[in-house]
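Heads up, the thing below is written out as structure tokens.
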Amino acid sequence: MREAVFLRQNQERWQQYEKRPNVGPDELAARFVALTDDLAYAQTFYPTSPTTAYLNGLAGKVHQRLYANKRQRHGRFGQFWAVELPLVVARHHRTLAFTALIFLVFTALGALSAAYDDSFVRVILGDGYVNQTIENIRKGDPMAVYKKEGETLMFLFITTNNIKVALTTFVLGVTLGAGTLVFMFRNALMLGAFQYFFYHYHVLKASVLTIWIHGTLEISAIIVAGAAGFVMARGLLFPGTFSRAEAFRLAARDGLKIAIGLVPIFVVAGFLEGFVTRHTEMPLAVSLGIIGTSAAFIGWYFVLYPRQLARRQAAASSI
């Protein structure tokens, strides 16, 4: 992008920041995030330009105001999850919705495949798991597989594996999204076959009340990781007014922020699977409470809150 176009697109907003310096902490944090993005872009493409020097000074002023009163400001760590990540998610809500849709389609395909082919579940889940679970169902404890490993070992292994899968799903976006799509397909197909397997043996209710204690967070995070991969792929495929290299750099940065932001969710999901899911005898209300709370958090943090934050930022910038 030529510097003149960059200025024309953003100069009015920068001037507005200078005219109205006294705003609330959330808006101030949003301004700082936007300015640092602008500054990083300017430093990359116009390193010796007066525009870069101007943005550096303006970002410094906003930074001073942002951290002048520590009781009213987030630290950098908290700011990432409270402001920066939700704003990135808001910019890519369409990609997230697309990813969720194809994951649901692939999951349904997995369930249908299991319904029409008795051997499909064994191909997807493995003979060992299927045989052991059938034996557990006959013994009256269909979810006994979650009780085999020690809590701490199970928590560490599952958390590490899920984070690895999520980061791989994101990184494969560099293959124009093909690798991300394959990873999403495999995980969704497995989920569909997995749930149909329990339905076939008339223990679907027990499986849902147990598996989704951790699965609500885990599956949601995998979908978001897929969206992060597609965000990066979109930068390569549809650069818009940017050069392909510029678009890829910007999209990869957004996708990486989304992928990194999933780490705490995978930690909580791993904790639930390692320490809580194994208690299959827990009251129905407790199980539903955990599942409902997890679903409500995902809906709020990745859908409602980003939209609210983006609207507040847009309203403040237009005044």
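The values are calculated or read from the model by the stated rules, or taken from the named source; none is laboratory data. Remember, predicted model here, so these are calculated numbers, not experimental data. Please note: Cβ atoms are built from the backbone with ideal geometry, for glycine as well, and neighbour counts cover all protein chains shown. These accessible areas exclude ligands, DNA and RNA; they are computed on the full protein's heavy atoms, side chains included. Shrake-Rupley method; radii C 1.70, N 1.55, O 1.52, S 1.80 Å.
With a cut-off of 15 Å, note down the residues of region 133-173 whose backbone N falls inside the zone around a label point 7 Å from the Cα of ILE102 toward its beta carbon.
It comes to 169-173, nothing else.
Within the chain, count lysine pairs with alpha carbon atoms under 26 angstrom apart where the residues are 8 or more positions apart or belong to different chains.
The number of close lysine pairs in the chain is 13.
What is the list of residues in region 135-158 whose amide nitrogen lies under 17 Å from a point 7 angstrom out from the Cα of ASP118, following Cα to Cβ?
135
Based on the alpha-carbon gyration tensor of region 228-319 and its eigenvalue square roots a ≥ b ≥ c, which shape applies: rounded if a/c is under 1.5, prolate if not and a/b is larger than b/c, or oblate? Could the numbers behind the result be given before it?
Details: a/c = 3.97, a/b = 1.87, b/c = 2.12.
In terms of gyration-tensor shape, oblate.
Averaged per residue, what accessible area in Å² does the chain show with a 1.4 Å probe, protein chains only? Intermediate results must be reported in sequence, preceding the final value.
On the way: 16190 Å² over 319 residues.
Value for the chain: 51 Å² per residue.
With just the Cα atoms defining each centre, how far is region 110-175 from region 226-254? Give it in Å.
Spelled out, the Cα-based centre of one part sits 33 Å from the other.
For the chain, set up a GNM with springs between Cα atoms under 10 Å and report which of GLU281, GLU27, GLU218 has the largest fluctuation.
Highest fluctuation of the listed residues: GLU281.
Between PHE297 and THR48, how high is the FRET efficiency from 1/(1 + (r/R0)^6) when r is the Cβ-Cβ distance and R₀ = 35 Å? Nearest 0.05. Don't jump to the answer; show the numbers that get you there.
Numbers: r = 46 Å, r/R0 = 1.32.
For R0 = 35 Å, the calculated efficiency reads 0.15.
Rg to Rh for region 1-144: what is it, with Cα atoms only and Rh by Kirkwood? Working shown, then result.
Details: Rg = 26.2 Å, Rh = 20.0 Å.
Rounded to two decimals, Rg/Rh equals 1.31.
Label-point separation (nm) for HIS202 and ILE260, each offset 7 Å from Cα along Cα-to-Cβ?
Reported label-point gap for HIS202 and ILE260 is 5.2 nm.
Please label the shape of region 72-168 as rounded, prolate or oblate, based on the square roots a ≥ b ≥ c of the eigenvalues of the alpha-carbon gyration tensor (a/c under 1.5 means rounded; beyond that, a/b larger than b/c means prolate, else oblate).
Values: a/c = 3.44, a/b = 1.61, b/c = 2.14.
Taking the square roots of the gyration eigenvalues as a ≥ b ≥ c, region 72-168 is oblate.
Summing Lys, Arg as +1 and Asp, Glu as -1, what charge do residues with Cβ under 13 Å from the Cβ of LEU109 carry, LEU109 excluded? Please report the intermediate quantities before stating the final value.
Working: positive: ARG186; negative: ASP117.
Net of charged neighbours comes to 0.
Anyone know which of VAL303, VAL89, VAL145 comes out most mobile in the 10 Å Cα GNM of the chain?
Taking springs between Cα atoms under 10 Å, the residue moving most is VAL145.
Take each complete run of DSSP H in the chain, measure how far its Cα atoms stretch along the helix's own axis, and keep only those covering 15 Å or more with mean Kyte-Doolittle hydropathy at least 1.0; list them. Could the numbers behind the result be given before it?
Numbers: long enough: 3-19 (23 Å, -1.79); 25-45 (30 Å, 0.19); 50-66 (24 Å, -0.26); 93-116 (35 Å, 1.44); 127-138 (17 Å, -0.93); 151-171 (30 Å, 1.10); 178-200 (32 Å, 0.87); 204-237 (44 Å, 1.44); 244-261 (25 Å, 0.18); 284-299 (22 Å, 1.88); 305-318 (20 Å, -1.00).
What comes out of the filter, once short or polar helices are dropped, is 93-116, 151-171, 204-237, 284-299.
Say we join alpha carbon atoms closer than 10 Å with springs in a Gaussian network model of the chain; which of THR51, THR180, THR280 then has the biggest fluctuation?
Of the options given, THR51 has the highest mean-square fluctuation.
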